[in-house]
Amino acid sequence: MDKVILSAAPVCATPHRIDPEELANEIYECYKCGAAMVHLHVRDENANLTPDISHLSKTIEIVKKRCDIIIEISTGGVSNLTIQERCAPIYADFTEAVSLNVGSVNLGKSVYQNPIDDVKYCVKELLAHKKFPETELFELGMVNTMAKLVEEFDFCSPILLALVFGHEGELPATENALRHMVQYVKECFRGREDIIWGYTQAGRKNWDMMRYALNYGAGTLRVGFEDSDYLDEKTRVETNSLIVKRAADLIRECGKKVATPREARQILNLF
């Protein structure tokens, strides 16, 4: 039976305030419902993106006392931070994995800027500090860029790719778009057996594409308020755990197993 890593991104894209205790509770509830990894950004108490990890550290300290969920911190987000500031979580001891962004894309009315020199700086830093990268790919060209980076740098194995769909301005969350992305991943990484791809969907209101992705071979799913607070087309919820539980149930419905944090670390060679 295939194991799927379920990741929770519990903070909405435009939060107003971050309370470490409340966020830690939310993460713990997600863990209890099946999340093996949590995806967070470095934010201050007013939820602004920042290179100062002190506020985030309070949340992680509470979380690590309660469970062994994998801690993944983003090196991205639409902001005016320099690449050096965006790399701040790479140097934190609690960070096990980081999200890596390898190209620029329109996200709604914003431009998510990732010039190649910045990308390479980030790659060098995360590899030097032995942080595991989950590379977010929004467009076909980013797949090609990532393949070239893997040739240039000594990436760890496996290669984890998060295929992202549904943002206004990038690939739509459709079966055709997903097939094109997955087939191009296979083309660019032909001959490699250590590629794991996952599915993330912004603005999700139902589970149709999540189910399709699982049946098509997704090894990870990401859910949570950063992407959508819809449980179904008619129901928006106030806690991430309900969404994580539904995602975990869906994984099992597709004949797969929800990986525990320990199993996820084994899959990703994080030990």
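The values are calculated or read from the model by the stated rules, or taken from the named source; none is laboratory data. The shown structure was predicted, so the numbers you read here are calculated from the model rather than taken from an experiment. Cβ: placed from backbone, ideal geometry, glycine included. Neighbour counts: every protein chain shown. SASA here: full protein model, heavy atoms, side chains in, ligands and nucleic acids out. Shrake-Rupley method; radii C 1.70, N 1.55, O 1.52, S 1.80 Å.
A 1.4 Å probe over all protein chains sorts Phe271, Phe94 by accessible area into Phe271, Phe94, starting with the largest. Restricting the range 119-170 to chymotrypsin sites (Phe, Trp or Tyr not before Pro) that sit in a DSSP loop and have at most 15 other Cβ atoms within 10 Å of their own Cβ leaves Phe153.
Using every pair of distinct Cα positions in the range 128-201, the Kirkwood expression returns a hydrodynamic radius of 12.8 angstrom. Less than 5 angstrom separates the built amide H of Trp197 from those of Leu161, Gly219, all sequence-distant by 5 or more or on a different chain.
Computed with the Debye formula from one identical point scatterer per Cα of the range 117-244, without solvent, the log10 of I(q)/I(0) at q = 0.11, 0.19 Å⁻¹ comes to -0.42, -1.08. Here is the link list: Lys32/Lys256; Lys58/Lys130; Lys205/Lys257. Which ones come out longer than 21 Å on Cα distance? In this structure, Lys58/Lys130; Lys205/Lys257 lie more than 21 Å apart at Cα.
So what is the calculated 222 nm ellipticity per residue for the chain, using -39500 (n - 2.57) for each DSSP H run with n of 4 or more, over all residues, to the nearest 500 deg cm²/dmol?
On the way: 9 runs with 101 residues, N = 271.
Theoretical 222 nm ellipticity from helices: -11500 deg cm²/dmol.
Which is the longest part of the chain that has none of the trypsin sites (Lys or Arg not before Pro) sitting in a DSSP loop with at most 12 other Cβ atoms within 10 Å?
On the way: sites that count: Arg17, Lys109, Lys130, Arg190, Lys234.
The longest such stretch corresponds to 18-108.
Cα-based values for the chain, radius of gyration first and Dmax second, are 17.0, 47 Å.
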